[in-house]
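First the structure, in the form of structure tokens, and then the observations on it.
Just so it is clear, none of the values below were taken in a lab; they were calculated from the coordinates. As the structure is a computational prediction, the values presented were derived from the model and not from experiment. All Cβ positions, even for glycine, are placed from backbone atoms using ideal geometry, and neighbour counts span all protein chains on display.
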Amino acid sequence: MNFSDAIRAHANWRLRLSTYCQGNLKEPLNVQILAKDNACDLGKWLYGEGMKYASDPKFGELLSIHAAFHRSAADIAAMVQSGRQKEAEKLTNSNESQYAKLSIQIVGILMKLRTQYGDK
């Protein structure tokens, strides 16, 4: 995986949660797994091959923000499971929610890292 792939993986994951909030995902999401920042494709890359960038402070920031993003996503999935689907859907569709702000930060850092290191 390279930085462009990482950005796509993150976008695909966001789409999956949005689809879940709309009630269009066939299987339920496991909130406990969702809260883990190393279970998604991006997280697996970050804690695997991506660790070669660990000396870069931006990478450390990315790890922290990505972990917070997953906690926020798990909260949203828990809302759906507790019958607060419309509220959860609103959070995934808003650019003002904590979830969205964290996502934007993730993509921004990945883009900066891509500019700095290229897509190797």
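When each of 20, 99 is tested for being touching a residue at least 40 places away in the same chain (Cβ under 8 Å) and in contact with a helix residue (DSSP H, G or I) (Cβ under 9 Å, 6 or more places away or on another chain), the lone residue that passes is 20.
Hey, any hits in the range 8-26 for a residue that's within 20 Å of residue 64 (Cβ to Cβ), small (Gly, Ala, Ser) and buried (at least 16 other Cβ atoms within 10 Å of the Cβ)? Within the range 8-26 (the criterion being within 20 Å of residue 64 (Cβ to Cβ), small (Gly, Ala, Ser) and buried (at least 16 other Cβ atoms within 10 Å of the Cβ)), the answer is yes, since at least one residue qualifies. Among the residues of the range 29-49, the ones that are within 18 Å of residue 108 (Cα to Cα) and surrounded by fewer than 19 Cβ atoms within 10 Å (Cβ to Cβ) come to 2 in all.
Residue by residue, here is whether (1) more than 18 Å from residue 110 (Cβ to Cβ); (2) buried (at least 19 other Cβ atoms within 10 Å of the Cβ) holds:
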{"position": "51", "(1), (2)": "no, no"}
{"position": "56", "(1), (2)": "no, no"}
{"position": "62", "(1), (2)": "no, yes"}
{"position": "76", "(1), (2)": "yes, yes"}
{"position": "82", "(1), (2)": "yes, no"}
{"position": "85", "(1), (2)": "yes, no"}
{"position": "93", "(1), (2)": "yes, no"}
{"position": "97", "(1), (2)": "yes, no"}
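Among the conditions (1) within 15 Å of the chain's Cα centre (by Cα); (2) farther than 22 Å from residue 2 by Cβ; (3) not hydroxyl-bearing (Ser, Thr, Tyr), the only one that residue 78 does not satisfy is (1). Among the residues of the range 35-52, the ones that are of a type outside the set (A, V, I, L, M) and in a loop (DSSP other than H, G, I, E, B) come to 6 in all.
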